[in-house]
Each structure stands twice: as structure tokens, then as C-alpha cells.
Amino acid sequence: MEFDYVVVGAGAAGCVVASRLAADPRRTVLLAEAGGRPRSPFISIPKGFYYILRGDRYLYRYPAGAGEVWLRGKVLGGSAAVNGMMWIRGAPADWDGLNLPGWGWADIGPAYQAIEREIGVSTPPATEITGAVLSSAASYGWAVTADFNSRDTERIGLTPSSIVSGKRVTSYSTMIRSAEKRPNLAVAARTPVASLVFDGRRVRGVRVRGGGEIRARKEVIVCAGAIETPLLLERSGIGHPDTVRRAGAVPVAESPNVGERLIEQRGLSLQVRLDRGPGITPARQAAAAVRYAATRRGLLATGGYDLVCQFKSRPDIGRPDVQGLFAPLALDTSSEVMKPARHPGILFMGYPIRPETASSVHSSGPDPGDPPVIDARYLETASDRDSAAPVLDIARAVLRQGPLADRVLVEEFPGPSVGTPEKAVEYSRDYGSGIYHGVGSAAMGPDGADVTDPRLRVRGVTGLRVADASVLPSQVSGNTAAPAMAVGWRAADFILEEY
Ligand SMILES: Cc1cc2nc3c(=O)[nH]c(=O)nc-3n(C[C@H](O)[C@H](O)[C@H](O)COP(=O)(O)OP(=O)(O)OC[C@H]3O[C@@H](n4cnc5c(N)ncnc54)[C@H](O)[C@@H]3O)c2cc1C
């Protein structure tokens, strides 16, 4: 089999790349995806992701040390098919701050305009509880905004979400599914790519698990995500030579930063019980299911967290360094699995948005199923600790304002034992959670040691690009699905300019 382009990974970025390359019928494109088709209705029902995340069918579960597990989507749509659907573009200042040609806000803003014409973005309707949080936050001093993505100051708003008419939308569902009948686009689900195939240092195609080879006349574009992309490069001979050999491969191009510089965010959670309001009782869940079936509205039609805010951990910094999320529900603290409680409450999660501490991820063997070696690291710089330390106290201060002041009965977790900045940092380290937003494990940059150049061409070889979250050298203040799609868009721009 031979195509002009082989795109590896049908996730957030890969679907954008494949869709744009296949827009011209003269170009042939293969989109190879390790996972299967998104057949479960719980993928398109927004609240269904609580169920999807309990199972294995659509997920990679990576052990990341200390009992922690990092998740990623393994399905057409990638992690964007299992994620919380928050649509946060990142701050223009961060895109400009990358200081890389082709990646400033002047380039990314238009990419988002084009992407958002295809991916619909909506906000959830306000409810009694989210309205109360907004009022309390306004009393605390944050601006309440109708368009969260439009500014970079301290603010709170209903969460922009990739949900249209009550259904999750992804770059697969909007850009690829309808294009699958085109003769020039082949979508191969359940097709894990084991390694790249070289002619000297030129990439000629891919080898899929089980042995078959697929040739790429022009390029292979690796869009396997921030965990799998470095593993595939290492299995193919690109990386630190020792790691490449450990992966069972012969070194082709020395690239010491493959799998290094992985920047993940770390969340701290807090939950309060409210005096009144709707809890998530079985009766309410049943009513919500009926309502959703009839109208595509209600509790099941909204994403993970209804409200998003960004704020400064301390007043003397120029712009927000923490993102916070509020959900108008409590979790059942007696349950081993993630499950909503029957009583009313508010769940808060906050995380520094531009951490510096780097983790790493490396291959342990030649098969795509060999588990990665992840060294998950957090809070190792003073700046990271300074951003994390006040997060819980700021959330508590918001909940003490306005209409919520009299309604909070008790802080269910972490509680008063985590009452000092030092304790908050400890809590974040010991009980915090990775947010599944890793970037940087195949980062672009101007230096010879950066894995790709700013046009996303992998250094040391030809015929190969990386286009996914792994190329972002730093976090751009927020979540990563929208930025990954923007990366895919820019990758297609570069390829189309060159051929
Ligand atoms: C549970 C969860 C919740 C999240 N919540 C949010 C949120 O609310 N908002 C937000 O913006 N971000 C969120 N994220 C993060 C966001 O979804 C990801 O950062 C984003 O999807 C990354 O895009 P990507 O294209 O780099 O990789 P992915 O979207 O992960 O796509 C990679 C694809 O490549 C495939 N693949 C991997 N290896 C191979 C191989 N060898 N051969 C073939 N195919 C392969 C994978 O199966 C996958 O489909 C969340 C992530 C998770 C896991």
C-alpha cells in the first residue's frame, strides 16, 4: 500500500492534519489509528465520559509512579473523544512567548477561527448553583465573562466546551467522519504503528503491528500524542542512542530530548457540602437520562466542570498563573470509583497553568504495547511551588463570599489539616492528580537539540514531522485539546506550503 501522506494517530491533532491534506482529491492520505471506532453512546453523551474513564475499551492507562495513572484516549478522536470537552485556546501572550516563527498569536488566532468554524463551541446554561458561584466570585473581585477565551486577566465564566446540540464534537466527528467516503482518504482503525521505515535517513513509510508496511511517497506525520509519539520515535531509532537500544531499535538519528521535557500540570481538589440544592440522586439521574433522550439537554448534556476561572496565585505577578474549575456537584467520598454524591455540593479543582518542572517518558521495548517508563515530576521549582501553594486558600476565599458565604456547611476535603501553603504543596505532591495535559516530549525549537524545527520537521531525518501536543515546548495557559488542534492546523499549513 502506498499513499502520499501517512498520518499516525487519529486524535485531536491528527484528524485536523489528515482532513486538511485530504481536502485536495489529488493527494492520497492514510490516517492510521491504534484504537477502534467510537461505538459507545457514552462517547458522544457529554457526561458519559465519567463511564468511559472507568473502563479500558477506549483508553491507554499508563502507570506513572506512586499509584498514579495517566490516561489518554485510544479511539478515533483520540483523547478529545474521552476528555472533559473544555475548549481553552491558551493565552495569546504564551503563543507569542514561544518566540518561534509561525507560532505567534498572529498565526494561531486565524487557525482557531478556521477550526472553530468546524468544531462548534458552546457554554453550559447557568444553574442555581453555578449562578451562586459566579456571584461569589464577582464579590471576591474576579470579572465574570461571557467569553472566557477573549482575555487573559483574572476572570470566571461558564466553560467553553466542544459540545454541539448536546453532543461531544471532536476533530474526528466533524472533520473526518464525513470525509471517510472520499476515495483519497483511508481511515484505518485498530492499526497501531510499530515503527517508521527508513531508507538511510529518509522515512519511507511505517510498519504496522504484525508486520505490514505502508509506504509514504511524501511524508509521515506522527500525531500519536505526548506519550506515544516519543515512544514511536524511540522504537524507530530516533532519540538518545541508549534509550533507542533499550527499545530494541538501531539508532538512526541522535536526538537527546525525545521523551524529555514533558510538562504536565498538577491539580489540587477541594469539595464543600452545601446546605441546599440538587444532589445527584438516582431519581435525578433517571430524570436527566429521560430529558437527555428527549431534548439533548440537562445534566447529561454538559461537560466535566461548568465553570472555569483563571487567577493570580499572588498579586505581584502580571497575569493569571492558575486555572480553576468548579462543578456544581459533590463526589461520593465513600466510593472507590469516581461517583457523584446524593447531597448538594461544589467540587473545585485548581492547577498552575504554566509549570516548569519536567517529567520524562521513554520506551521500554519494540512493541507498541510495551508500557512506557514514565518519570512523573512536579513542583520541583520555587515558581511551581509558589503557584500551587495558595490555590486552595483562594478557592476557600471565593466560597466565603456572596451568596455561598452562608450556604457552605463543611469542607469535605481536604479539610483544615491542609491549611498552610506548605501543607498545600505537600497535598498537591502527594494527593494531587495529573491533568492529562502533557506537552513538550518532542518539542520544537530553534536549537539543534530540539526534536523538531519550528516547521515540525524531525531533526536528523527527512520525510518526517511530528504534529501533536508533544511539540509544544511549554504550556500555553489552559487545556491542550484546542492547542493540539491548532498544532495540527499549522502542520498542514507548513506541509501545503512545501508541496
Ligand atoms: C481524561 C482526559 C480529560 C481531558 N480533558 C481535557 C479538556 O477538558 N479540555 C482539553 O482541552 N484537554 C483535555 N484533555 C487533554 C487533551 O484531550 C489532549 O491534550 C489532546 O487530545 C492531545 O491531542 P493529541 O493530538 O496530541 O493526542 P491525542 O488526542 O491523544 O491523539 C493521539 C492518537 O494517536 C493514537 N496513537 C497513539 N499511538 C499510536 C500508534 N503507535 N499508532 C497509531 N495510532 C496511535 C491514539 O490512540 C490517539 O487516538 C484531557 C485528556 C484526558 C485523557
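For the reader, a short list of remarks on this structure follows.
- Qualifying residue in the stretch 437-453 (condition: crowded, with 24+ Cβ neighbours inside 10 Å, among the hydroxyl-bearing types (Ser, Thr, Tyr) and over 30 Å from Arg215 (Cα atoms)): no
- Which numbered condition Asp375 fails, given (1) away from the ligand (no atom under 16 Å from the Cβ); (2) more than 24 Å from the chain's Cα centre (by Cα): (2)
- Residue, surrounded by the most Cβ atoms within 10 Å (Cβ to Cβ), within the stretch 306-351, restricted to residues that are in contact (Cβ under 8 Å) with a residue 40 or more places away in the chain, assigned to a loop (DSSP other than H, G, I, E, B) and among the β-branched types (Val, Ile, Thr): Thr333
- Highlighted here are the strands (runs of 3 or more DSSP E) found entirely within the stretch 367-470 that include at least 1 residues which are in contact (Cβ under 8 Å) with a residue 24 or more places away in the chain and within 30 Å of Phe198 (Cα to Cα): 373-375, 464-466.
- Filter result for the condition that a residue is more than 26 Å from the chain's Cα centre (by Cα) and among the small types (Gly, Ala, Ser), over Gly210, Gly225: Gly210
- Odd one out for Gly432 among (1) surrounded by 22 or more Cβ atoms within 10 Å (Cβ to Cβ); (2) within 10 Å of the ligand (Cβ to nearest atom): (2)
- If only residues of the stretch 139-185 that are surrounded by 19 or more Cβ atoms within 10 Å (Cβ to Cβ) and small (Gly, Ala, Ser) are counted, the one that is farthest from the chain's Cα centre (by Cα) is Gly157.
- When the stretch 23-48 is filtered for residues that are outside any strand (DSSP E or B), of a type in the set (A, V, I, L, M, F, W, C) and in contact (Cβ under 8 Å) with a residue 60 or more places away in the chain, the ones remaining, listed by number, are Ala34, Ile43, Ile45.
- Checking each residue in the stretch 86-124 for being part of a loop (DSSP other than H, G, I, E, B), under 16 Å from Asp147 (Cα atoms) and touching a residue at least 40 places away in the same chain (Cβ under 8 Å) picks out Trp87, Ile88, Arg89, Gly90, Ala91, Gly120, Val121, Pro124.
- The conditions of being closer than 24 Å to Ile353 by Cα and more than 15 Å from the ligand (Cβ to nearest atom) are met by Gly67.
- Residues that are outside any loop (DSSP other than H, G, I, E, B) and within 9 Å of the ligand (Cβ to nearest atom), drawn from the stretch 472-495: Ala481, Ala482, Pro483, Ala484, Met485, Val487, Gly488
- Here the stretch 1-52 is the region considered, the condition is being within 11 Å of the ligand (Cβ to nearest atom) and of a type in the set (Phe, Trp, Tyr), and the residue that is modelled with the highest pLDDT is Phe49.
- Residues (farther than 20 Å from Tyr499 by Cβ and near the ligand (Cβ under 8 Å from one of its atoms)) located in the stretch 210-225: Ala224, Gly225
- Among residues of the stretch 53-64 being outside any strand (DSSP E or B) and either surrounded by fewer than 22 Cβ atoms within 10 Å (Cβ to Cβ) or of a type outside the set (Phe, Trp, Tyr) (or both), the one that is nearest to the ligand (Cβ to nearest atom) is Leu53.
- Verdict on Val75 being modelled with pLDDT of 95 or more, near the ligand (Cβ under 10 Å from one of its atoms), of a type in the set (Val, Ile, Thr) and within 13 Å of the chain's Cα centre (by Cα): no
- Condition met for Glu228 (within 10 Å of the ligand (Cβ to nearest atom), closer than 20 Å to Gly78 by Cβ and acidic (Asp, Glu)): yes
- Top-ranked residue in the stretch 231-251 [being hydrophobic (A, V, I, L, M, F, W, C) and closer than 30 Å to Arg20 by Cα; ranked as nearest to the ligand (Cβ to nearest atom)]: Leu232
- Evaluated against (1) over 26 Å from the mean Cα position of the chain (by Cα); (2) more than 16 Å from Val29 (Cα to Cα); (3) in a strand (DSSP E or B); (4) not small (Gly, Ala, Ser), Arg245 falls short on exactly one condition, (3).
The values are calculated or read from the model by the stated rules, or taken from the named source; none is laboratory data. Everything numeric here is computed off the predicted structure, so don't read it as measured data. In this analysis, Cβ positions are derived from the backbone assuming ideal geometry, glycine residues included, and neighbour counts consider all displayed protein chains.
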